[in-house]
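The structure under discussion appears below in the form of structure tokens.
A short reminder: the numbers here are calculations on the coordinates, not readings from a lab. Computed from a predicted structure; not experimentally measured. Cβ atoms come from the backbone with ideal geometry, glycine included; neighbour counts cover every protein chain shown.
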């Protein structure tokens, strides 16, 4: 930023501190919610192990239940759960025979790559389209783009993905249909990166579609509102060129609600990852969700819910800091 | 997904729409209704919605019998056979029948889930905005908690833990989508509770419940009405995503489940996935057009006909 000095830094630190304090009750709430959901899940860990090994006698079932601590009271189970969490232990996956944390960390990178790329594309394209729409507001360019954007906004993402597969992968054969890399090709270095990028393209474009629509509509509305304000009139009367006014004055202010929306949308993005990764067979957290549902692997499912919620909190914190950096009027009371 | 647009419509860009103090002024609602009727996009949206509702209501008359019955040869393309205008699937089931009966599930889930969300959201937002103090603090924390958990994942977990049925799905969606409404209602109530007509009602001896429901709520409704269409659209999209993944009611045909089943034949019979998807796009588009028009009708200054 233009005058990054001690005052700016201390303001950002104050914002960070406020966010961290406010996040604590939310994190506690998520932990309690997760614990309650784990309690209500049908079939406890002992049943699952017994089922996997093809049955158990009454004595061995009782022994298993004792082993998993199922005979303890709810309070004791809760404190066990909390102490496990403190050691970053989210339980064991019966299906994969691996700790849940390992499974999640394995797949997290792929999901973040997909979501990050999609969000970046959606933000850049959305803001540009929104600026264009606001510049031509009311004229045919605006109406045309608005109609296309509205159509994109109304399309279910998974259906868009399926149709994209039909068009680009099946009919035209330009892009691969699924997966994150060509299995068995043994590519390394730049070849591997290019291969992954080719596989990333369709899922990324599909995911970005909806958010592109959201951001462009918001940017258009924000730009139109900001351009009516007095300081823009001042800038214009100062003789600044329209480009400078649009980018340095109007856009910078219009970006603030856009950043709020990014923070609000991250949760929806993670939820949408489930469907998109299933459609494209992308090996990320989302497809792990469906796999664990089909395998009745509830610790994994709830572990993903927990980690996603934490991720949303972190992203909201980052967005808050970004907003405080963008808008010097934001002060901590 | 869509609920954030609702927030953006009325959040940082919201201007004071309380042109008159009391909602009992019929002029404001009449003006909004008139503006709505003059908008061609709104009328188109309304027409599409009405036809979808009619098809859903008269589905048993138009396509009697179970939509899951095998009635014809398998994998007939749309337009090939006059008896099956939209084709048949891999088991010989009529796509058009599935579409009509699926409309009942999709539309009813959308409507009922939206009503549940609205009810919870209005109750939470009104209490929080009107009473303030510790009630406000607790409810705001609770709203934030529900908003932090990714909505679709939350719905998936609830549906997985219980037995998947249409009832559970609409309860799950309804109990996950209310935070946006609650925040809107809270903001409206906080600004309206200091108004003069509230003071007048209180000084006349009316109790809190009367003031909340008969005085403030009618004035707080315009932004809520705008978000209703977004809520219904979100609920329909969420239900279709659930059914697509195979987590929906196994006994009910819905647009999402048709797309999911058509996915296996994507290379050869892609119309099986395309046709129900077009139905969803048209319905959600209609809801968005109507929602936009309502928004413009209530906020003519924000209509930005620059």
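Can you tell me the 0 to 90 degree angle between the C-alpha axis of helix B:179-192 and the longest principal axis of chain B, rounded to 10?
For helix B:179-192, the angle is close to 20 degrees.
As an exercise, use a Förster radius of 51 Å and the Cβ-Cβ distance of residue A:310 and residue B:58 to find the FRET efficiency, rounded to the nearest 0.05.
The computed FRET efficiency comes out at 0.60.
Any idea what % of Cα-Cα pairs in the range B:212-293 are farther than 19 Å?
Numbers: 1682 of 3321 pairs.
Counting every Cα pair in the range B:212-293, those more than 19 Å apart make up 51 percent.
What order, most packed first, do the peptides B:67-77, B:98-108, B:138-148 have when packing is the mean number of other Cβ atoms within 10 Å of each residue?
On the way: B:67-77: 15.5, B:98-108: 23.5, B:138-148: 18.3.
With the highest mean Cβ count within 10 Å placed first, the list reads B:98-108, B:138-148, B:67-77.
Could you give me D for the range A:80-145, from Stokes-Einstein at 4 °C and 1.567 mPa s, where the hydrodynamic radius is the Kirkwood radius over C-alpha pairs? Units µm² s⁻¹, please. Walk me through the numbers before you get to the answer.
Details: Rh = 15.7 Å.
Reported coefficient: 82 µm²/s.
Angle check, please: helix A:6-40 long axis (alpha carbons) against the longest principal axis of chain A (alpha carbons), in degrees 0 to 90, nearest 10.
With rounding to tens, the tilt is 40 degrees.
Residues in the range B:234-256 near a label at residue A:296, defined as backbone nitrogen under 20 Å from the 7 Å Cα→Cβ point?
Correct set: B:246-251.
What translational D, rounded to a whole number of µm²/s, comes out for the range A:83-226 from Stokes-Einstein when the hydrodynamic radius is the Kirkwood one over Cα pairs, at 4 °C and 1.567 mPa s? Display every interim value, and only then the final one.
Numbers: Rh = 18.0 Å.
Estimated via Stokes-Einstein, D reaches 72 µm²/s.
At q = 0.20, 0.22 Å⁻¹, what is the log10 ratio I(q)/I(0) for the range B:61-201, with the Debye formula run over Cα points and no solvent?
Computed log10 I(q)/I(0) values: -1.09, -1.18.
Between residue B:200 and residue A:185, what is the label-point separation in nm under the 7 Å Cα-to-beta-carbon projection?
7.3
Using only alpha carbon positions, build the gyration tensor of the range A:24-77, then give the equivalent ellipsoid semi-axes as the square roots of 5 times its eigenvalues, largest first, whole angstrom. Can you show the working numbers first?
Details: eigenvalues 154, 30, 9 Å².
Calculated on Cα positions only, the semi-axes equal 28, 12, 7 Å.
For the protein assembly as shown, take the convex hull of the Cα atoms, compute a quarter of its surface area, and give me that in nm², please.
Details: hull surface 140.8 nm².
Taking a quarter of the hull surface, the average projection is 35.2 nm².
In whole percent, what relative contact order does the range B:123-267 give with Cα contacts below 8 Å and a gap of six or more residues? Before the final figure, lay out the partial values.
Details: 126 pairs, mean separation 39.4, N = 145.
About 27 percent, as a whole number.
Taking every pair of alpha-carbon atoms in the range A:1-129, what share in percent sits in each 5 Å bin, from 0 to the bin with the longest distance?
For the range A:1-129, the binned pair fractions read 2, 8, 10, 13, 13, 14, 11, 9, 7, 5, 4, 3, 1, 1, 0 percent.
Please report the projected area of chain A's Cα convex hull averaged over all directions, in nm². The partial results should precede the final answer.
Working: hull surface 93.9 nm².
Answer in nm², one decimal: 23.5.
Can you tell me, using C-alpha contacts under 8 Å and at least 6 residues apart, the relative contact order of the range B:222-306 as a whole percent?
Working: 77 pairs, mean separation 26.8, N = 85.
Contact order relative to length: 32 percent.
Over the residues of the range A:251-333, compute the C-alpha Rg and express it relative to 2.2 N^0.38 Å.
1.40
Can you divide the C-alpha Rg of the range A:189-237 by 2.2 N^0.38 Å and report the result to two decimal places? List each step's numbers first, then the result.
Numbers: Rg = 19.4 Å, N = 49, 2.2 N^0.38 = 9.7 Å.
Ratio of Cα Rg to 2.2 N^0.38 Å: 2.01.
Just the C-alpha atoms of the range B:62-143: what Rg/Rh do they give, with Rh taken as the Kirkwood radius?
On the way: Rg = 23.1 Å, Rh = 16.1 Å.
Taking Rg over the Kirkwood Rh, I get 1.43.
With everything on Cα atoms, drop me the angle between helix A:285-294 and the longest principal axis of chain A, reported from 0 to 90° to the nearest 10.
40
Restricting things to alpha carbons, tell me how big the range B:98-141 is in terms of Rg and Dmax, in Å.
Final numbers for Rg and Dmax: 16.4, 52 Å.
Okay, helix-only estimate at 222 nm for chain B: each DSSP H run of n ≥ 4 adds -39500 (n - 2.57), divide by all residues, round to 500 deg cm²/dmol; what do you get?
Details: 13 runs with 202 residues, N = 306.
Here the helix-only value at 222 nm equals -22000 deg cm²/dmol.
Of A:157, A:219, A:246, which has the largest mean-square fluctuation in a 10 Å C-alpha GNM of chain A?
Among A:157, A:219, A:246, the largest GNM mean-square fluctuation belongs to A:246.
Taking 0.36 nm per intervening residue step and subtracting the Cα-Cα distance, what contour gain separates residue A:197 from residue A:327 on full extension? It would help to have the intermediate numbers written out before the result.
Values: separation 130, 0.36 × 130 = 46.80 nm, distance 3.54 nm.
Gain on extension, residue A:197 to residue A:327, equals 43.3 nm.
Which percent of Cα-Cα pairs in the range A:44-119 sits in each 5 Å bin, short to long?
3, 13, 16, 18, 17, 13, 8, 6, 4, 2, 0
Using only alpha carbons, build the gyration tensor for chain B and give me the equivalent ellipsoid semi-axes, biggest first, whole Å. Show your work: numbers first, answer last.
Working: eigenvalues 341, 99, 46 Å².
So the three semi-axes of chain B are 41, 22, 15 Å.
For the range B:174-244, I need the span (max minus min coordinate) of the C-alpha atoms along each principal axis, in Å, sorted largest to smallest.
56, 17, 14
Tell me, what are the semi-axes, in whole angstrom and largest first, of the equivalent ellipsoid of the range B:159-277 as set by the roots of 5 times the Cα gyration tensor eigenvalues?
On the way: eigenvalues 398, 44, 17 Å².
Semi-axis lengths for the range B:159-277 are 45, 15, 9 Å.
Thinking of the range A:190-279 as a set of Cα atoms, what percent of all their pairs are more than 21 Å apart?
Tail of P(r) above 21 Å: 51 percent of Cα pairs.
For chain A, what is the relative contact order in percent, using Cα pairs closer than 8 Å and at least 6 residues apart in sequence? Please list the in-between numbers first.
Numbers: 325 pairs, mean separation 91.1, N = 333.
Dividing the mean separation by the residue count of chain A yields 27 percent.
Roughly speaking, what % of Cα-Cα pairs in the range B:134-202 are separated by over 17 Å, rounded to a whole number? Present the calculation step by step, with values, prior to reporting the outcome.
Working: 1305 of 2346 pairs.
Cα-Cα pairs of the range B:134-202 separated by over 17 Å account for 56 percent.
Provide, for q = 0.32 Å⁻¹, the log10 of I(q)/I(0) from a solvent-free Debye sum over equal Cα point scatterers in the range B:48-94.
With no solvent term, the Cα-only Debye profile gives -1.03.
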